[in-house]
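If you scroll down you'll find the structure; I have some questions about it.
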Amino acid sequence: MAHKIALIADLLEEGWPSMDLVADMLEQEFEGAKRKENSDFQLKLVRPKLHRRFSNGNLGVGFRADRLLNRFFDYPQFLRWHRADYDLFHIVDHSYSQLTHELPANRTVVTCHDLDTFRCLWEPNHAGRSRAFVAMTRRILSGLQKAAHVCCDSIATRDELLARGILSPEKMSVVRLGVHPAFLQPPAVATESAVNVMLRATSQTGVCIDLLHVGSVIPRKRIDILLQVVACLQKVERRARLLRVGGKLTESQQALAGRLGVTEAIVTLPSLTAEQLAVV
């Protein structure tokens, strides 16, 4: 009899590309390994659609309300209906650990990427977060603690979980993230040509160093430090520049770039596929 695994992904409408990528790659790589090893395990990517009550798009108060209701009511209810269908559950994003409360905890695994979700629980005065927000965060954390096992992306994440007494060593393993296949094979000629055209259009005469940054501009990504690094690099090589993929800088980040004198060295690239990013 086949063993059934539920790969529990983030709601696609929330727009977390990194977490969506983790889920998609786990699904793809699992299927590839299954064919090679002739395994009797079956995996299904679980990703219900966002139930909209108050919003039409992904912005505003209505969308925030829909996110909360889906995370803490709709998604848990969906899993209650289907928890008898699977032998093992893998929650790919630790910030969805509240779902563990609706699953057989002894058959649930969570991947923990970092502890940012839980910062308000140990920062002074909860970093300005409301009591309701802190209560929700405590439920997410208790779900993480309830899981049978937690996979950590890095030794640093595991060590912080240990240092804060959140989990015991035997409940954790370090399982590093893999590399997208696009970075492991030669690019298609058409893709390489298109990217080269794009980069030439943004080039400056005599540029000899490009620093590439891929990611959002939310505060915890520490764009402020990135800009300081660029400024330091320019002291060594004035022709250095920063290539960014992940959206435009905020007004405060643009102001900092101006004070550091690196505004002209920043090139914001459009959204890229994995294949295009590999070429860059």
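The values are calculated or read from the model by the stated rules, or taken from the named source; none is laboratory data. Source: prediction; values computed, not measured. Ideal geometry is used to build each Cβ from the backbone, glycine not excepted, and the neighbour counts take in all protein chains shown. All accessible areas refer to the heavy atoms of the entire protein, side chains included, with ligands and DNA or RNA removed. Shrake-Rupley method; radii C 1.70, N 1.55, O 1.52, S 1.80 Å.
Which angle between 0 and 90 degrees, to the nearest 10, do you get for helix 189-202 versus the longest principal axis of the chain when only C-alpha atoms count?
Roughly 50 degrees between the two axes.
Please give the helix 131-146 orientation as an angle from the longest Cα principal axis of the chain, in degrees from 0 to 90, rounded to the nearest 10.
Value to nearest ten degrees: 70.
With a ≥ b ≥ c the root eigenvalues of the C-alpha gyration tensor of the stretch 65-173, is it rounded (a/c under 1.5), prolate (a/b larger than b/c) or oblate?
Verdict is oblate for the stretch 65-173.
Dipole of the stretch 138-270 (Lys/Arg Cβ +1, Asp/Glu Cβ -1, origin at the Cα centre): which of ALA231, VAL197, CYS208 lies farthest to the positive side?
ALA231
Under the classification rounded if a/c is under 1.5, otherwise prolate if a/b is larger than b/c and oblate if not, where does the stretch 1-81 fall, given a ≥ b ≥ c as square roots of the Cα gyration tensor eigenvalues?
Because a/c hits 1.5 or more and a/b fails to exceed b/c, the stretch 1-81 counts as oblate.
On a C-alpha basis, how far is the centre of the stretch 111-130 from the centre of the stretch 215-268 in Å? Whole number, if you could?
First find each Cα centre; the distance between them is then 26 Å.
How high is the relative contact order of the chain, in percent, counting Cα pairs under 8 Å that sit 6 or more residues apart? Please report the intermediate quantities before stating the final value.
On the way: 378 pairs, mean separation 35.2, N = 280.
Computed value for the chain: 13 percent relative contact order.
Could you run the Debye sum over the Cα atoms of the stretch 178-277, one equal point scatterer each and no solvent, and tell me log10 of I(q)/I(0) at q = 0.22 Å⁻¹, two decimals?
Scattering profile of the stretch 178-277, log10 relative to I(0): -1.21.
Using a probe of 1.4 angstrom, how much of the accessible area of the chain is carbon and sulfur, in percent?
C and S atoms contribute 56 percent here.
Per 10 Å bin, what is the whole-percent P(r) computed from every C-alpha pair distance within the chain?
6, 22, 30, 26, 14, 3, 0
To the nearest 20 Debye, how big is the dipole of the stretch 128-189 about its Cα centre, given +1 on the beta carbon of each Lys and Arg and -1 on that of each Asp and Glu?
About 420 debye.
What accessible area, in Å² to the nearest ten, does a 1.4 Å probe give for HIS213?
40 Å²
May I pose another question? Grab the beta carbon distance between ALA2 and ARG131, set R0 = 41 Å, and tell me the FRET efficiency rounded to 0.05.
0.35
Calculate, for TRP81 and TRP16, the FRET efficiency according to 1/(1 + (r/R0)^6) with r their C-beta to C-beta distance and R0 25 Å; round to the nearest 0.05.
0.55
Over the chain, give the accessible area per residue in Å² for a 1.4 Å probe, as an integer.
Averaged over the residues of the chain, the accessible area is 57 Å².
With axes computed from alpha carbons, what is the tilt in degrees of helix 251-260 against the longest principal axis of the chain, rounded to the nearest 10 within 0 to 90?
Its long axis makes an angle of about 40 degrees.
Let a ≥ b ≥ c be the square roots of the eigenvalues of the Cα gyration tensor of the stretch 219-279; is it rounded (a/c under 1.5), or, if not, prolate (a/b larger than b/c) or oblate?
Oblate, since a/c reaches 1.5 and b/c is not below a/b.
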